[in-house]
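Beneath this line is the structure, given in structure tokens, with notes to follow.
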Amino acid sequence: MLVCFLYIKKKIMIKNYTTINFIIFFIVVMFVFDSFTNTYILLRDNYDKRMTSHLGYCENQGYGFYKKVYKKFSINHQNLIAINFNDAPSPDGYFFKYDKKNEFNSLVLIGANKKVIEDYKNKKFKIILNEDNCYFIKK
Amino acid sequence: MIEILTIFFSFFSLLIFSNFPLNYFFIKKYQYILKLTYTEYLLLNLIINFNILLIFSFFPINLKIVFFLILIISLSFIIIFKNDFWKLFKENLPLNFFFLLVFYALSSVIVKNGYLEWDGLSHWLHKATVYFQGGGYSDLAGLPFDYYPHLGSYVWAFFWKNSYLQAEYFGRLFFIFIFLLSIISLYSKISNKFLVLEKLIIIFILVYLSTNIFLFGGYQEYFIFFIFFCFSNFFKKFFLEDKISNYYPELILISISNLILWIKQEGFFYFIILNIIFLIHAKRTILNKFVFLIFSLILISILIYIKNIYFGSLRFNHDIINPETFRNLDLYYLFFKIFIISKYFFISFIKYPIWLVILLSITVLKFNSKFFKNNKFIITYLILIFGFIYLIFLNTTEDVAWLAPLTLNRIVFAVSGFLIFVNIELFNLIKEK
């Protein structure tokens, strides 16, 4: 980067006009791809904050709720199965461990309505954690 | 800050990775059989490396060791030819800077978002995770959509494992790299009558019109795009003249088409289409074509054999002959479906405006130059690929009005890689006139 910078500096002194055209072009390229905003967000927010803001806590993919349940209830980092009733995929893929078993007696339900919960209750599941319309249920 | 630095580390490690095994200056000095540009050597190296990775994906090989071996050997060559590299760097400074800048620009979007889109999360991530966590090919059995090809996920895991932060999204930056490298390799094909800045603007237009951030969310479309691009690039370079007297070009084409079999399910049919193009349009002897065909059949047999061992059979989402095939005999129903598919074709062209430029370029070149006299393979490609897309959507058992808006545009985009170069021909024609 330093070498590149020094070379550009030298060029700026020699071919002032052409160099300014290039610099304007490069700034336009950055602007078109929204790089300045993206860089600012990268510097401001950490990964978890960005993921929860994009994927939602209980809405959308329910990333925030799933992560909370996974941290709190997954014994020995076993794979917890999530069913997402929102129009989005389940977030369990982010936490998948191929060498761990799937925990079939527990379920994370994202965006579930009351009828769904009643159905699971009839199948002998108990609610362990509930926030909004997200549930962690266990047999 | 560390994430921003990791983007730059990823760029340089990808660049070093793509300088192996064929070092441009070494080849130029000692064995200059294939006259390619520097960026074409990078493309070729990527093709070779992806084939090597494909073989490694079936064995329990440590991804870190492979990466560091490649890096050390490649770096050694770069150090040996440092003066030549420095000269090349200086001569193409604006282009180099542009490459780095656009790579950063697109990567910053991926890293900022961090998340995966639907298919990326549901279909492809699990495979990448298995490889990232040290699993092997046999561990893919039992995963969601385990019968889907795995190469894209393997390469994703490879760069994920070997990124500085080892975060999933850094593994996906290689999609950006191969996409940009493909288009930047066209720089040398732009007429020298253009100024450097004008050339960069042309490359930028092509990059901008071909970019869809959604598809970097774990989809394999840019990998397919890259394969199509490489095939048309090397086919045009070596097979439209009779001059070449060695078999390297054939080996290159076979290596390229082999990859497509292992990226996506439809790759099987793309493989057949690419083979047909070779058999019809390559200026080679019958014997050459026959040997090429044998090699292709061997590659398909290997695919079927491996799929049989691990997943029972080579499966597709739907049987090739299914009840829907016979329903299409009802003409009213058939025309209705053709209308729906055509409608979404049109929408796809608007969604991916690079297609509008491609279609414009083809039309202008057709009526204003003799371009198609030597490039009839483009017409064959268009007929075969559009025919194939119509056939898969006519034959699907899913409701086409539901499926076409979801998937057709992605397929239409991926196959555009084959035709990107015609845009450069258009710009050159405009400049000449």
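Numbers for the structure displayed
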quantity	calculated
Listed residues B:L360, B:L287, B:L297, most fluctuating in chain B (Gaussian network, C-alpha, under 10 Å)	B:L287
Globularity ratio of the protein assembly as shown, using Cα Rg and 2.2 N^0.38 Å	1.02
Theoretical ellipticity at 222 nm over chain B - DSSP helices of four or more residues, -39500 (n - 2.57) apiece, nearest 500	-22500 deg cm²/dmol
Cα convex hull volume per residue for the stretch B:247-366 (Å³)	180 Å³
Highest-MSF residue in chain A out of A:I83, A:I24, A:I127 [GNM, Cα springs under 10 Å]	A:I24
Helix A:2-14 vs. chain A, principal-axis angle (Cα, 0 to 90°, nearest 10)	40 degrees
Semi-axis lengths, Å, the stretch B:2-265, gyration tensor of Cα atoms, sqrt of 5 times eigenvalues	29, 22, 19
Value of Rg to Rh for chain A (Rh from inverse mean 1/r over Cα pairs, i.e. Kirkwood)	1.31
Rg over Rh, two decimals, the stretch B:283-433 (C-alpha only, Kirkwood Rh)	1.04
Helix-derived mean residue ellipticity, 222 nm - over chain A, DSSP H n ≥ 4, -39500 (n - 2.57), to 500	-15000 deg cm²/dmol
Span from the the stretch A:19-54 Cα centroid across to the the stretch B:153-207 one, whole angstrom	17 Å
Gaussian network model of chain B, springs between alpha carbon atoms under 10 Å - residue of B:L63, B:L253, B:L121 with greatest fluctuation	B:L121
Shape of the stretch B:178-244, Cα gyration tensor, a/c cut at 1.5	oblate
Cα shape, the stretch B:224-318, gyration tensor, a/c 1.5 rule	prolate
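Each value in this text was obtained by applying a stated rule to the coordinates, not by laboratory testing. The structure presented is a predicted model; accordingly, all values stated were derived computationally and were not measured.
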